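Read the structure below first, then the notes.
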Amino acid sequence: MIIEYTRHARRRMKWRKISEAEIELATYSPDDLEPSEKNRINAYKKIKDKILKVTYQKHDDRIQIITALWKGE
């Protein structure tokens with residue numbers, strides 16, 4: 001699957017120092033998943049001592065990253 005990032009997601013990643021590799025890890029190999037509003041999915045992944053939350057939507061052959069944040073911020 002192809003991963004696409006919204007402009008909002010790119011800005012949040014830059015401000016929160018979240019890499020594309022960390023987003024891919026949370027998206028492809030999450031520790032936990034939960035449904036969200038508007039047919040979105042929240043993926044959670046523990047990375048070092050923090051938990052990364054990635055919100056995304058699936059569209060046929062691609063995944064659109066909506067936003068990302070470190071839990072507890």
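If r is the Cβ-Cβ distance from residue 17 to residue 57 and R0 is 30 Å, what FRET efficiency results, to the nearest 0.05?
Efficiency, from the Cβ-Cβ distance: 0.80.
Could you work out what % of the accessible surface of the chain is carbon and sulfur, using a 1.4 angstrom probe and leaving DNA, RNA and ligands out of the count? Before the final figure, lay out each step's value.
On the way: 2310 of 4940 Å².
That share works out to 47 percent.
Which one of 66, 28, 1 is farthest out on the positive end of the charge dipole of the chain, using unit charges on Cβ (Lys, Arg +1; Asp, Glu -1) and the Cα centre as origin?
Of the candidates, 66 comes out farthest on the positive side.
Using Cα positions and a limit of under 24 Å, work out the lysines in reach of residue 46, with same-chain residues fewer than 8 apart set aside.
14, 17, 58, 71
Got a number for the accessible area of residue 63? Probe 1.4 Å, square angstrom, nearest 10.
Its accessible surface works out to 10 Å², give or take rounding.
What does the charge dipole of the chain about its Cα centre add up to, to the nearest 20 debye, if the Cβ of each Lys and Arg holds +1 and the Cβ of each Asp and Glu holds -1?
With only Lys, Arg, Asp and Glu charged at Cβ, the dipole is about 440 debye.
Can you give me the convex hull volume of the Cα atoms of the chain, divided per residue and expressed in Å³?
88
The values are calculated or read from the model by the stated rules, or taken from the named source; none is laboratory data. Owing to the predicted nature of the structure, the values given are computational and were not obtained by experimental measurement. Here Cβ is always computed from backbone atoms with ideal geometry, including for glycine, and neighbour counts include all displayed protein chains. Quick note on the areas: whole protein, heavy atoms, side chains included, nothing else; ligands and nucleic acids left out. Shrake-Rupley method; radii C 1.70, N 1.55, O 1.52, S 1.80 Å.
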